[in-house]
Amino acid sequence: MTDHLVEGVLAGDRRAIARTISLIEDNGAEAQATLAALHPHTGRAHIVGVTGPPGSGKSSLVNALALYFRRGATGERGEGGSPKTVGIIAVDPTSPFSGGAILGDRIRMRDLAGDPGIFIRSMASRGSLGGLAWATADAVKVLDAAGFELIFIETVGAGQAEVDIARTAHTTVVVEVPGLGDDVQAIKAGILEIADIFAVNKADHEGADHAVMALRMMLDLDLGGTATVLHHGRLMEVVRTVTGGEEPPSQGPLPPARPSAWRPPIFKTIATRHEGVVDLATAILAHRAYLEQSGQLVQRERERAAAELETIIQQESLRRVLACAQGEKLAALIDRIVRREIDPYTASQHLLGG
Amino acid sequence: MTDKKIRVLIAKPGLDGHDRGAKVIARALRDAGMEVVYTGIRQTPEMIVEAALQEDVDVVGLSILSGAHMALFPRIMDLMRQHGLDDVLVVAGGIIPDEDVPALQAMGVKGVFGPGTSTDTIVRFIREHLS
Ligand SMILES: Nc1nc2c(ncn2[C@@H]2O[C@H](COP(=O)(O)OP(=O)(O)O)[C@@H](O)[C@H]2O)c(=O)[nH]1
Ligand SMILES: [Mg+2]
């Protein structure tokens, strides 16, 4: 079953890709083995996160971007470089009341129908936020292993889940709309940390220039004041080099990656009319080039691998310890904690000690 | 531990532009704990089957008002088979004359629900057929 799926995914078989993503979503037993087999074939795709408030036009933008990467600006295949295959994971929230969800992102992606170089999958956010980030990351791995060159992840808002998902992405596009950006306070905290590129969408509405200005001011405050820049939540030293500047020759065997600053560009877009999309697409490719040249791509792969390993160890060791402790012993320990006969630290030592 | 959810595609084939009924069903299924992929109006058979395949749904629900069902359904069912989606439960709702129901069922459309059908009935039908 698993071998069959793995072969299918690697061959780009759409049913196998779809099935494997379901396996991951359902947390099925075979998911781990499948992902393990796919792992050597991942790491080739460029992953783009697209996040912003509901209704800001994320799906419409992903539609326009995907169409551009497939066909170029005039719809002629091959224009603007070779067409890239595009995978899309669109996440919508699960209803906290019923556990169900309405996944409506495909409505805005009609233009992409019938293109064998595109694969769209809708996902509900389901349970825990951390879990969503990993399920999304694993679904991305499936598309990556299947050979999709560009992968978009659409997520709502800018909560912790989006920050986590942004860590999965190489390039994060934050979508704002006129009105929301008027007030600097209204731009959600945390957005600057994850944004590599801003799109002020619905630029046909009043106030787009104002929103651009507000964002620019925030960036100036953030970048101008100190010699550091927040990038994906991490403080990094800013090395100001002339354009195309060379790094000084390194002395030691392992020169630390010293990225020059990436200043998030801001674009006005009208997704429904496909306006501003070429600039946005160009910036995505430029950001990829920046990550490669600055050494950040490699550095971030390592950070991600470390975080992933840590999470898996946490989950697995918790599972093992709880599996070893018989239900009664565990219940008794909990009772003793409640009665203040033992503290939770000592109790956990009991469990870990066997 | 698995958290299997029922996934449903709600699609509106044909040229008419009203999807009130389809949206009511989509919400009812969500409220029953299902994950509903909603694709909007004017879906071609090709678009519907492509979405069903990529989304790996357990159920395809087709909402139709235009009277074009006898032209569209054979094509949809054909494409489903071609793509190996034989095990997907297909149901239809909307305005479908009684005399067409046997033909649809013969094609593999398992449930046909007229305009008055309560959403509870549809939810129950789906649950029973998938268990
Ligand atoms: N006027 C205008 N409407 C837009 C634009 N982009 C998207 N929309 C509309 O905004 C609504 C929400 O778009 P959608 O892409 O679904 O937003 P999402 O929820 O962020 O994915 C839809 O009705 C779109 O047609 C735009 O640039 N201008
Ligand atoms: Mg959307």
What is the residue count in the stretch A:135-156 for residues that are within 16 Å of ligand 2 (Cβ to nearest atom) and acidic (D, E)?
-> 1
Taking B:V91 as the residue in question, decide whether it is without any contact (Cβ under 8 Å) to a residue 24 or more places away in the chain and under 12 Å from the mean Cα position of the chain (by Cα).
-> no
Would you confirm whether any residue within the stretch A:270-282 is touching a residue at least 60 places away in the same chain (Cβ under 8 Å) and closer than 23 Å to A:A137 by Cβ?
-> no
Conditions: (1) within 14 Å of chain A (Cβ to nearest Cβ); (2) within 14 Å of the chain's Cα centre (by Cα); (3) open to solvent by less than 10 Å² (accessible area, probe 1.4 Å). B:L62 meets all but one. Number of the miss?
-> (1)
Being surrounded by 14 or more Cβ atoms within 10 Å (Cβ to Cβ), modelled with pLDDT under 90, more than 14 Å from chain B (Cβ to nearest Cβ) and more than 16 Å from ligand 2 (Cβ to nearest atom), is that true of even one residue in the stretch A:260-277?
-> yes
Just a yes or no: is a residue in the stretch A:123-133 at pLDDT below 95, surrounded by 20 or more Cβ atoms within 10 Å (Cβ to Cβ) and part of a helix (DSSP H, G or I)?
-> yes
Determine if the stretch A:51-73 includes at least one residue that is open to solvent by 10 Å² or more (accessible area, probe 1.4 Å), within 25 Å of A:W134 (Cβ to Cβ) and more than 16 Å from ligand 2 (Cβ to nearest atom).
-> no
Selection over the stretch A:308-338 where residues are touching a residue at least 24 places away in the same chain (Cβ under 8 Å) and surrounded by 13 or more Cβ atoms within 10 Å (Cβ to Cβ) yields a count of 4
Report the residue count in the stretch B:30-55 for those that are within 7 Å of chain A (Cβ to nearest Cβ), in contact with a strand residue (DSSP E or B) (Cβ under 9 Å, 6 or more places away or on another chain) and in contact (Cβ under 8 Å) with a residue 12 or more places away in the chain.
-> 10
B:A32 closer than 24 Å to B:S118 by Cα, open to solvent by less than 40 Å² (accessible area, probe 1.4 Å) and either out of contact with any Asp or Glu (no Cβ under 8 Å at 6 or more places or on another chain) or not hydrophobic (A, V, I, L, M, F, W, C) (or both) | yes
All conditions in (1) touching a Gly at 6+ places or on another chain (Cβ under 8 Å); (2) within 16 Å of ligand 1 (Cβ to nearest atom); (3) open to solvent by 10 Å² or more (accessible area, probe 1.4 Å); (4) modelled with pLDDT under 95 are true of A:G99 except (2)
Working only within the stretch A:19-43, note down all residues that are surrounded by fewer than 17 Cβ atoms within 10 Å (Cβ to Cβ) and assigned to a helix (DSSP H, G or I).
-> A:A29, A:E30, A:Q32, A:A33, A:A36, A:H39, A:P40, A:H41
Scope the stretch B:68-116; condition of a type in the set (D, E) and within 14 Å of chain A (Cβ to nearest Cβ); matching residues = B:D86, B:D87
Which numbered condition trips up B:T39, out of (1) over 13 Å from the mean Cα position of the chain (by Cα); (2) surrounded by 21 or more Cβ atoms within 10 Å (Cβ to Cβ)?
-> (1)
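Does A:A16 satisfy the condition of being more than 16 Å from ligand 2 (Cβ to nearest atom), open to solvent by less than 30 Å² (accessible area, probe 1.4 Å), away from every other protein chain (no Cβ under 13 Å) and small (G, A, S)?
Numbers: more than 16 Å from ligand 2 (Cβ to nearest atom): yes; open to solvent by less than 30 Å² (accessible area, probe 1.4 Å): yes; away from every other protein chain (no Cβ under 13 Å): no; small (G, A, S): yes.
So A:A16 does not fit the description; no.
The values are calculated or read from the model by the stated rules, or taken from the named source; none is laboratory data. This is a predicted model, so every value here is computed, not measured. When we count neighbours, we look across all protein chains shown, and the Cβ atoms used for this are built from the backbone with ideal geometry, even at glycine. SASA here: full protein model, heavy atoms, side chains in, ligands and nucleic acids out. Shrake-Rupley method; radii C 1.70, N 1.55, O 1.52, S 1.80 Å.
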